[in-house]
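To keep things clear, I will list the structure first and then write my remarks on it.
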Ligand SMILES: Nc1ncnc2c1ncn2[C@@H]1O[C@H](COP(=O)(O)OP(=O)(O)OP(=O)(O)O)[C@@H](O)[C@H]1O
Ligand SMILES: [Mg+2]
């Protein structure tokens, strides 16, 4: 399998704090890869570096062999990387469909501002984007939410909409930062199914998540961060048995007992 994403020796400090220290890993095309680690381990910072929302102090991010670490985030998005955020950002006062359409606009020719103000030359493009966004919502079984104001939806549904909006960018690589955070057990199971379905659509997924059953059930590989450093990177079963990972998650004493 080809490596769709390759991260080499990535470093980022905040003042004296090494948030991401010399981290290297790769994601192969068609994989679901998870990044796990305790709170403050550097997972979101790593995502921000990979997706261009933060610049690294040093290191390389290769998307399909192209170095993207110096590109702005919108440019990386156009090259096929989309993401969701740990703290959800849906647009208020817009319908669910319109929120999803925002994702499609990165591929539009008319530009977001003329489209937003509904200028006449944008109308046919707007109709096409509306159709494409609705098609996507249908594929994810959420087309019944199309006309509802997005921020009035239940939290679990909002997370699905956010996912759908990221997919509307037609990404090759999708970055999900804690997609199951705040979801109940049933919603988490639905989210796991949805992520697997996205992979089956041919989209590669890189995922940060605290819900271990979700991570271990759907991931092909799992990388573990701790205090900014990668301490493990393997198939789920091997990561679960890795003594250093066990120590980080259960504490030194439990690891010695086991
Ligand atoms: N913009 C920032 N300025 C200063 N420090 C930051 C900034 N962003 C993150 N940090 C610090 O960097 C470290 C890593 O934070 P990060 O948010 O990447 O962790 P995380 O693994 O995503 O944690 P969580 O599981 O709680 O989401 C933390 O100590 C955090 O306080
Ligand atoms: Mg985080």
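Any read-out appearing in this document is the output of simple, stated calculations on the displayed coordinates, not a laboratory observation. Just so it is clear, the model here is predicted, and its values are computed rather than measured. A quick note on method: Cβ atoms are made from the backbone with ideal geometry, for glycine too, and the neighbour counts reach across all protein chains shown.
Of these, 34, 77, which one is over 21 Å from residue 13 (Cα atoms), within 16 Å of ligand 2 (Cβ to nearest atom) and under 17 Å from the mean Cα position of the chain (by Cα)? Full working, then the answer.
On the way: 77 fails: within 16 Å of ligand 2 (Cβ to nearest atom).
Exactly one residue qualifies, and that residue is 34.
So which residues in the range 79-95 are free of Cβ contacts under 8 Å to residues at least 40 places away in the same chain and either over 22 Å from residue 30 (Cα atoms) or surrounded by fewer than 15 Cβ atoms within 10 Å (Cβ to Cβ) (or both), if there are any at all?
Here is the first cut: in the range 79-95, the ones free of Cβ contacts under 8 Å to residues at least 40 places away in the same chain are 79, 87.
Across the range 79-95, the qualifying residue is only 87.
Being within 11 Å of ligand 1 (Cβ to nearest atom), closer than 21 Å to residue 84 by Cβ, out of contact with any helix residue (DSSP H, G or I) (no Cβ under 7 Å at 6 or more places or on another chain) and in a loop (DSSP other than H, G, I, E, B) is the filter here, so list the residues in the range 1-50 that pass it.
39, 40, 41, 42
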